[in-house]
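Everything on this sheet refers to the single structure shown next.
The values are calculated or read from the model by the stated rules, or taken from the named source; none is laboratory data. Predicted model, so just to flag it, every value in this text is computed and none were measured. Don't worry about glycine lacking a Cβ; one is built from the backbone with ideal geometry, like all the others, and counts go over all protein chains shown. With ligands, DNA and RNA removed, areas are computed over all heavy atoms of the protein, side chains included. Shrake-Rupley method; radii C 1.70, N 1.55, O 1.52, S 1.80 Å.
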Amino acid sequence: IAESEVEAQPIRAVSAREPKAVTGEGKREQIDAMLEIVAEGYRPTFDEATATAQQVYDKAIAILDRYMLNDFSEYERVHAIHDYLASTVAYDIALYEKYLAHEDVTDEHPSFHLEGALLEGNAVCDGFSKAFMFLCNLEGIACVRITGAFDAQAHA
């Protein structure tokens, strides 16, 4: 949608949900907990210790506020989420090539997670799938991640 069409008072499905605190020992656990909280149908709440998770959440809400109209159908919402991710997040080819070459690739890399896709604009399939699921779930659209293997390589 054109910037001039952005809703003055956007309505997010997650705003009306019961709150649940984000917890976890470190950034990774906290962001994963936030992803789970939203998937379970709650609205995440944050404190000083969970500031990075809140940054990811705030970015996701800002994306939805910018690219969703209140009267969008569920189909239009899913389509807008897809188009946003496809047009703004680059596939992390360098990380994928390291993975294929069996180089030391840790799953802690941001491209495997929400912050890679939403904050850094760089992701592999796992980061894309988590971002898509997260944005859909924030909008109240049921969405699950499917993981497995293709051609003996892990995939999401």
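Compute the convex hull volume of the Cα atoms of the stretch 37-92, divide it by the residue count, and report the result per residue in Å³ as a whole number.
118
Give me the percent of the accessible area of the chain that comes from carbon and sulfur atoms, probe 1.4 Å, all protein chains in place.
51
Provide the net charge surrounding G26, with neighbours chosen by a C-beta distance below 11 Å and charges set as Lys +1, Arg +1, Asp -1, Glu -1.
-2
Suppose only helical runs count, i.e. DSSP H with n ≥ 4. What mean residue ellipticity at 222 nm does that imply for the chain under -39500 (n - 2.57) per run, divided by all residues and rounded to the nearest 500 deg cm²/dmol?
About -13500 deg cm²/dmol.
Short version: ³J(HN,Hα) in whole Hz for each residue of the stretch 21-36, in order, from phi by Karplus 6.51 cos²θ - 1.76 cosθ + 1.60 (θ = phi - 60°), x for Gly and Pro, what are they?
6, 7, 10, x, 5, x, 3, 4, 4, 5, 5, 5, 5, 4, 4, 5
As an exercise, find the ratio Rg/Rh for the stretch 57-156 from alpha-carbon atoms, using the Kirkwood inverse-distance average for Rh.
We get a ratio of 1.01 for the stretch 57-156.
Where Lys and Arg each count +1 and Asp and Glu each count -1, what net charge lies around L138 among other residues with Cβ under 12 Å from its Cβ?
+2
With every protein chain left in place, what is the accessible area per residue of the chain in square angstrom, probe 1.4 Å?
56
Under a crude label model (7 Å from the Cα following the beta-carbon direction), how far is V144 from A2 in nanometres?
A separation of 4.2 nm, rounded to one decimal place.
Could you tell me the center-to-center distance, by alpha carbons, between the stretch 113-156 and the stretch 22-72 in angstrom?
14
Expressed as a rounded percentage, what relative contact order does the stretch 12-156 have, with Cα pairs under 8 Å and six or more residues apart?
23
Amide H to amide H under 5 Å from K20: which residues, 5+ apart in sequence or cross-chain, H placed 1.01 Å off N in plane?
Hits under the 5 Å cutoff: R43, T45.
In the full protein assembly as shown, how much of D47 is accessible to a 1.4 Å probe, in Å² to the nearest 10?
90
Can you give the extra length, in nm with one decimal, that the chain gains between A154 and A49 once fully stretched, where that is 0.36 nm per residue apart less the Cα-Cα distance?
34.6 nm
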